[in-house]
1. Select from segment 112-132 the residues that are surrounded by 12 or more Cβ atoms within 10 Å (Cβ to Cβ) and over 17 Å from the mean Cα position of the chain (by Cα) and write down the one among them that is farthest from residue 50 (Cα to Cα).
2. Looking at 137, 100 in this structure, which one is acidic (Asp, Glu), under 14 Å from residue 44 (Cβ atoms) and open to solvent by 20 Å² or more (accessible area, probe 1.4 Å)?
3. Hey, could you check segment 77-92 for residues that are out of contact with any Phe, Trp or Tyr (no Cβ under 8 Å at 6 or more places or on another chain) and not small (Gly, Ala, Ser) and say which is nearest to residue 4 (Cα to Cα)?
4. With the condition being modelled with pLDDT of 95 or more, farther than 21 Å from residue 27 by Cα and of a type in the set (S, T, N, Q), I'd like the strands (runs of 3 or more DSSP E) fully within segment 38-139 carrying at least 2 qualifying residues.
5. Six or more apart or on different chains, Cβ atoms under 9 Å: show the pairs whose first residue is in segment 11-29 and touching a residue at least 60 places away in the same chain (Cβ under 8 Å) and surrounded by 11 or more Cβ atoms within 10 Å (Cβ to Cβ) and whose second is among the basic types (Lys, Arg) and not in a loop (DSSP other than H, G, I, E, B).
6. Going residue by residue through segment 72-94, is there one that turns out to be surrounded by fewer than 11 Cβ atoms within 10 Å (Cβ to Cβ) and acidic (Asp, Glu)?
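The values are calculated or read from the model by the stated rules, or taken from the named source; none is laboratory data. This is a predicted model, so every value here is computed, not measured. Methodologically, a virtual Cβ is constructed for each residue, glycine included, from the backbone with ideal geometry; neighbour enumeration extends over all protein chains shown. For accessibility, only protein heavy atoms count, side chains too; no ligands or nucleic acids. Shrake-Rupley method; radii C 1.70, N 1.55, O 1.52, S 1.80 Å.
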Amino acid sequence: MKDVEKTIGNLIDKQKIAFIGSVDIEGFPNIKAMLQPRKREGIRILYFTTNTSSMRTTQYLKNHHACVYFCDSRFFRGVMLKGKMEVLTDNSTKEMIWREGDTLYYPLGVTDPDYCVLKFTAITGRRYGNFSSEDFEVE
């Protein structure tokens, strides 16, 4: 792949759904569909919103190992990023990715105690497309 960040970044930006993976207390993987990241910094850092009270938040607080998968089903290609997920509750981060209409999920607004940010930091990745797979480091 010539330009990993551009190629993977374009794939991420075109998907409406991301699949995030966490590890439960028994060590089993758990997958959940989420709306696309609210913000991304290259392909290394992705930000998602979720409820502080959610099962995923609890899992990430106990074990930060995570993955995020994006799939372009039209062209049967995808990318998995592996790394760590942080649960952030500081107001500056919450304000950074807050959007109009979020009060539907977080009725108390940006300071709602049940609103938090998941910050994913990728370390490695694996992409699939054109009948082949390739591992890559995320910089």
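1. For segment 112-132, the residue satisfying everything is 129.
2. Result: 137 is the single residue among 137, 100 that is acidic (Asp, Glu), under 14 Å from residue 44 (Cβ atoms) and open to solvent by 20 Å² or more (accessible area, probe 1.4 Å).
3. Checking each candidate, the answer is 82.
4. Working: elements: 39-41, 45-51, 65-72, 77-88, 115-129, 132-137.
Fully inside segment 38-139 and qualifying: 45-51.
5. Listed pairs, sorted by first residue: 11/77; 11/127; 12/40; 20/32; 20/56; 22/32; 22/56.
6. yes
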